[in-house]
1. Take the conditions in contact with a strand residue (DSSP E or B) (Cβ under 6 Å, 6 or more places away or on another chain) and either of a type in the set (Gly, Ala, Ser) or modelled with pLDDT under 90 (or both) and apply them to residue 708. Does it pass?
2. Being in contact with a Gly (Cβ under 6 Å, 6 or more places away or on another chain), part of a helix (DSSP H, G or I) and of a type outside the set (Asp, Glu) is true for just one of 166, 171, 134, 141. Which residue is that?
3. Return the residues of the stretch 777-815 that are part of a loop (DSSP other than H, G, I, E, B), exposed (fewer than 15 other Cβ atoms within 10 Å of the Cβ) and at pLDDT below 85; say none if nothing qualifies.
4. Kindly evaluate residue 479 against the criterion of being modelled with pLDDT of 80 or more, among the β-branched types (Val, Ile, Thr) and in a helix (DSSP H, G or I).
5. Residue check: is residue 180 small (Gly, Ala, Ser), closer than 30 Å to residue 395 by Cα and either modelled with pLDDT of 80 or more or surrounded by fewer than 23 Cβ atoms within 10 Å (Cβ to Cβ) (or both)?
6. Could you check the stretch 372-419 and list, in sequence order, the residues that are open to solvent by less than 20 Å² (accessible area, probe 1.4 Å), of a type in the set (Phe, Trp, Tyr) and in a helix (DSSP H, G or I)?
7. Limited to the stretch 584-627, what total is found for residues that are outside any helix (DSSP H, G or I) and at pLDDT below 85?
8. Give me the residue from the stretch 332-371 that is in a helix (DSSP H, G or I) and of a type in the set (Ser, Thr, Tyr) and, out of that set, modelled with the lowest pLDDT.
Amino acid sequence: MAVRKATSLLDGSRNGELPETFWYTAKRRLLGPPMINADLRDQRLSKKLALGVLSPDGISSSAYGTEEILIELVKVFGVTAFTLLLPMTGAILFVMLLVVLSYREVVTVYTRAGGSYVVARENFGPRIAQVAAVALLIDYVVTVAVQVAAGTAAVASALPAIGNYVTPISVGIILLMCYGNLRGLKEAGRFFALPTYLFSGAIILMIAVGLIRAGLGDLPQQDIHQLHGIYKFGTGSGILSAVAVFTLLRGFANGGSSLTGIEAVSNAVSAFKPPEGLNARRVLVLEGLILGTLVAGISLLARLTHATPYTSGYPTVIAQEANLVFGHAGHFMFFVVQAATALILYTGGNTSFNGFPFLTSFVAEDSFLPRWLLKRGQRLVFSNGIIVLTVLSATLIAVVGANVNALVPFYAIGVFTAFSMAGFGMAKYHVTHKEQGWRHKLVINFSAGVLTAIVVVIFAVVKFTEGAWLVVLIFPVGVFSLIRLNREYRSEAQVLQNIGVRRASGVAPNQPNYSRRVVIVFVDDFDLSTVAALRYAKSLRPTTVRAVHFVIDTAQAERLRAAWLPDRNVSLELIDCPDRRLTRAAADLVSHEAEMPGTQVTAILPRRSFSPLLGRFLHDRTADKIAGVVSRVPNAAATIIPFDVQNRVRILAERQAARDGHTPVAVIPAPGPPADALTSVQQDLQAAVAAATPREEKIEPLPGAGGYDRPIPPPGMAPIGSLHQPGKAVVEGRVRVVEIRSVERNSVLACEISDSTGDLTALFYGRSRIPGLMCGSRVRLRGPVGIKHGAPVMVNPAYELIVPHSGGKSPAGDE
């Protein structure tokens, strides 16, 4: 079993190596050079950076929470809505307090990222946890759309001329966020952290100035009857009438959007620097204090100034407050507030770009989402999760439009469901573990769970016809889909783990002993791909090799027979296929061979590899279809031999250019009859085959190219490249290859150590594992050096593991 550290061998500047692909080159230029796995530990957030990166979603929701409450209240209560605004804000802040207190326990107990999903999974099981997973996935997608739409409204408040372009601008901002996050958490985090502090400072200053002016009696108040484009004011209604109660519930549901984003810290606990739980708890509390202050202050200023929501979404309530508070003399501050508001709302969507990929990776790790969401990309971020979030959120804005009030009905159900799952899950945790002080924690978490569940019901009812019905429908469908996907993964794992279970129990799997091995090469045409398949078939050393062509077109079959080189050791069989069902004919042929006792059949299928788009357009991938059918035949297997057509076209073009010019080209003659006995076409084919055939040479160590780090030997250490004679030496390098070899009934751990001058092999007899000695780790070896095949070798050397970034060493082993 060998494990190799991936190195960038595709560097066209190095002789004999493959050139970089166009897409990799473009990705490297856009995202920067790939980061090695050892850098992952460095991509962590300090408390200051975490507050800026993970809090914008929660803090920025204060920019539209008050406005969303007023949209519902003014349509029924008229001017009285400004009086009802403060009690409504107080109720929402009470819910926020319970949620913050509940999530303080979440980040303390569950220091691994995942938030309410992890809480639900650990306390209710993985299936019920999918309710929280779907809730959070919906919340993150809608969060990006709402935050960006609100940010564009803030820009339009300062620059009304862009009002007709808010939707394309919003989509463009989402794409910019995607690009920033694909470059990596640390780089994106520093950029997205600044608006949090700028917005908080600007709004607190606005609140302070507004309250001072109100205390001096100098704060102006708008005459709503002189405003145009605002929501139509109602004439008022009895506070206890059915219409009034329903309107209050709608206002409360809209105002619940002020609480979205609080859970973001718990969904990225693992992104904090140690101690993760304590740092996350402090950031969460500070975020709650800032959010509560801003929501209360903005609502109070709206009450004092009669800032009123517009049907177009701009100017926003905050824009009107800033204009009234700072007046004409402070017009500069008006633009500062709008710029800060737009920036934090835009970057508030970045919280989802941090939380969504982490969440999908955990759900995928539990086998409830596709496993490609576990893959880290060029810059050590979950690139696939970032791209999925970008596509979904941009599509939502493109369909619904960049209007916050139109997006809110999709919003709060997901986030409050997650709040509820976290509250009930922590309540069960406290009942189960009964840790110190568990009773008052139980009261807090259970109350938070009940209250947020009530909010979910309220929101689903009062916003059902405005879009909440879609979220209500998606929930059961999404949960069922995740569970169904998990069932498929579990069934696959059960089949694949049968052999492993038998080995673990000490029962060796039955190894079939075939007395007859037949290899069938399916031939469509005689070209280089067929030659490569025949060469591979012979390398298997079978009992019999057959080359088979199914005749669909007699003219093509005749051309193939004529082109079959006379020196072929394998005769060509032409089998009639009148109904043109190639897959059925192949299955019948293989089944007939495999029916004979003690026979194992391998079907070899040449496949010409083209560019993905052009290849799918030009070819029907018959080899894949035949392989799928043959693989179901007992005692049979199918092997596809890919052949890179584009690379061979390049080789032939170079040879043709060399033939037309006067540049000599060395051709290794292929075995066969004399050249004068072959046609010119066959000679060209032989030359191309020879060019495509590698020489039998000693395998050289992999070069340390690209992102692989070959350290420079420190003072006092012998450069590996200088070890040409047996003797004793002390070397230091990085482990590049780890391989476990079986020697009779013993095992040998073989490690390839590299520095900037060369490679050395260290053999540890009787060992199959050394803790800490793995690909990428740095090690110092001391002991005798031997030379084997021209390369230095150490047997059972003393070793010291070099601790990264500290210059220290781990305990050494003396083998």
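1. On the way: in contact with a strand residue (DSSP E or B) (Cβ under 6 Å, 6 or more places away or on another chain): no; either of a type in the set (Gly, Ala, Ser) or modelled with pLDDT under 90 (or both): yes.
No.
2. Working: 166 fails: in contact with a Gly (Cβ under 6 Å, 6 or more places away or on another chain); 171 fails: in contact with a Gly (Cβ under 6 Å, 6 or more places away or on another chain); 141 fails: in contact with a Gly (Cβ under 6 Å, 6 or more places away or on another chain).
Criteria check complete, one pass: 134.
3. First, pick out the residues of the stretch 777-815 that are part of a loop (DSSP other than H, G, I, E, B): 777, 789-790, 796-797, 803-808, 810-812, 815.
Okay, now just the ones that are also exposed (fewer than 15 other Cβ atoms within 10 Å of the Cβ), so 789-790, 803-808, 811-812.
Selection gives 789, 803, 804, 805, 806, 807, 808, 811, 812.
4. Working: modelled with pLDDT of 80 or more: yes; among the β-branched types (Val, Ile, Thr): yes; in a helix (DSSP H, G or I): yes.
Taking the combined requirement at face value, the residue satisfies it.
5. Working: small (Gly, Ala, Ser): yes; closer than 30 Å to residue 395 by Cα: yes; either modelled with pLDDT of 80 or more or surrounded by fewer than 23 Cβ atoms within 10 Å (Cβ to Cβ) (or both): yes.
Taking the combined requirement at face value, the residue satisfies it.
6. Of everything in the stretch 372-419, those that are open to solvent by less than 20 Å² (accessible area, probe 1.4 Å), of a type in the set (Phe, Trp, Tyr) and in a helix (DSSP H, G or I) turn out to be 416, 419.
7. Initial filter on the stretch 584-627 (outside any helix (DSSP H, G or I)): 595-611, 619-621.
Applying the additional criterion that residues be at pLDDT below 85 yields 607-611, 619-621.
Adding up the residues that qualify gives 8.
8. Initial filter on the stretch 332-371 (in a helix (DSSP H, G or I)): 332-365, 371.
Narrowing further to those that are of a type in the set (Ser, Thr, Tyr): 341, 346-347, 351-352, 360-361.
Values: 341: 90, 346: 84, 347: 79, 351: 75, 352: 80, 360: 84, 361: 83.
If we take residues in the stretch 332-371 being in a helix (DSSP H, G or I) and of a type in the set (Ser, Thr, Tyr), then 351 is modelled with the lowest pLDDT.
The values are calculated or read from the model by the stated rules, or taken from the named source; none is laboratory data. Predicted model only: the values in this text are computed from it and were never measured. Quick reminder, even Gly has a Cβ in these numbers, built from the backbone with ideal geometry, and neighbours come from all protein chains shown. The area values use the complete protein model at the heavy-atom level, side chains included, leaving out ligands, DNA and RNA. Shrake-Rupley method; radii C 1.70, N 1.55, O 1.52, S 1.80 Å.
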